[in-house]
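Read through the structure below, which is laid out as C-alpha cells, and then see the notes.
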C-alpha cells in the first residue's frame, strides 16, 4: 500500500508539473493572439470635434500595429457621459477602448449630480497622447478684433451676446465661464452636442463666440472663417503664434487646456494593458504623429497610469471650484 501511495503521488506530481507549462503557454499564446477581432474605440463626442480628430489619427496607427482595425464609435451626448458609460461597462478584454478627456473624466464627475461611472474605479488608464489649448474665436461679424475689445463690447451689452459650448458642463463652457468670472462680463451660454456642432453654430452666426478646443476650430481660424482672439494656455500656440494668450491679454494665471488619453475597462488583463501602453506611447512619440498633432494645434504628451490618476485628481479639484462658483449641477 505504501508503495502504491508513493507511486500515485509521484504520478500526480509529474502530471501537475507537466500541466503548469502548458497552462502558462496557453496564457502566453492568448496574450500573443490579442486582438482577435476589430478594436472598438468609443469617442464620447460627435464626429468632427477635437476628441474625434485625435482619436482617428491615433486609432489608425494603433490598428496598423495591432493587426486589426480600430473602429471609432462616436457616442455623443450629455457632456460625454453617455459614451464613457458605454466604455466603462464593456467587456474588459482589450477589444473596447475609449479616449477619455478633461471633459469626460474630470468635468462631468464635478458637474453632474450623478454619473454612472467612476473615472478611476471603472477604468484602466493607459497613457495620455495629446493636449491642446482652448482657443477663443468669434464670428467675423462681431465688432471686436481682440480680447480687450470683445470684453468691452460684452460690458456695453450685458446679456446680449452669446457663446456656444460642446454641452452644459463641458470644458468649453467652463473655459468661458472662467473668463466671464475673471472679466466680469455677462454673455449667454448656448449648449450644443459636441465641439463640431458648436463650431458650426459660430460659423453660421447663430452664436457670437466659442472657447473651442484647438483641433476643431484651428482650420477655420487659419482660413479667416473665424477670428481667433485668445489662447487658453500659458504660452502661445505655435499654430497661431500671432494670437496672444488670455493671460497676457490682462488675465495673468488664466490657463485652460484639453488633455486626451486612452482608457480600457477595469479588469482588462495586464499583458494586454502593457502592450497597449507601449503601442500608444510609441505612436504619440513618433515624429510623424507629432507633426500631425501640431498641424491640428495639439501637442504630443505621454505619461504613466499613475501619473494619469494624479492628473485627474488635481484637475477635479481645480474644476470643481469653477463648477461651484458658476452654480452648475446637472442631473
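The table that follows gives values for the structure above.
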read-out: Residue order, fewest to most beta carbons within 10 Å, for 165, 213; value: 165, 213
read-out: Burial ranking of peptide ranges 83-95, 264-276 (average Cβ count within 10 Å, highest at the top); value: 83-95, 264-276
read-out: Theoretical gain in end-to-end length, residue 37 to residue 304 [0.36 nm per residue, Cα-Cα removed]; value: 93.5 nm
read-out: Nearest-ten-degree value, helix 2-33 long axis tilted from longest Cα axis of the chain; value: 30 degrees
read-out: DSSP bridge orientation in the stretch 133-249 - percent antiparallel, rounded to nearest 5; value: 55 percent
read-out: Contour excess over end-to-end distance, with Cα ends at residue 71 and residue 325 and 0.36 nm allotted per residue; value: 87.5 nm
read-out: Cα gyration tensor shape of the stretch 159-207, rounded if a/c is under 1.5, else prolate or oblate by comparing a/b with b/c; value: oblate
read-out: Packing-based order for 223-229, 193-199, using average beta carbon neighbours within 10 Å, highest first; value: 193-199, 223-229
read-out: On Cα atoms only, tilt of 171-183 relative to the major axis of the chain in degrees; value: 40 degrees
read-out: Value of relative contact order over the chain, rounded to a whole percent, pairs C-alpha under 8 Å and six or more apart; value: 25 percent
read-out: Cα-based shape type of the stretch 133-249, given that a ≥ b ≥ c are square roots of the gyration tensor eigenvalues and the cut on a/c is 1.5; value: rounded
read-out: Between 0 and 90°, nearest 10: helix 147-156 axis offset from the chain longest Cα axis; value: 60 degrees
read-out: Label-to-label distance, nm, for residues given as residue 235 and residue 162 (7 Å Cα→Cβ offset); value: 3.8 nm
read-out: Extension reserve of the residue 318-residue 148 stretch, reckoned as 0.36 nm per residue once the Cα distance is removed; value: 58.6 nm
read-out: Three-way shape label, the chain, alpha-carbon gyration tensor, a/c 1.5; value: prolate
read-out: Max mean-square fluctuation residue, GNM over the chain, Cα-Cα springs under 10 Å, options 312, 214, 176; value: 312
read-out: Mean separation of Cα contacts under 8 Å, 6 or more apart, over the residue count of the stretch 133-249: relative contact order %; value: 38 percent
read-out: Which of 127, 304, 281, 132 has the fewest Cβ neighbours within 10 Å, and the rest in rising order; value: 304, 281, 127, 132
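Since every read-out is calculated from the coordinates, none of them should be taken as a lab result. All values derive from a computational prediction rather than experimental measurement. As a convention, Cβ positions derive from the backbone with ideal geometry for all residues, glycine included, and neighbour counts pool all protein chains shown.
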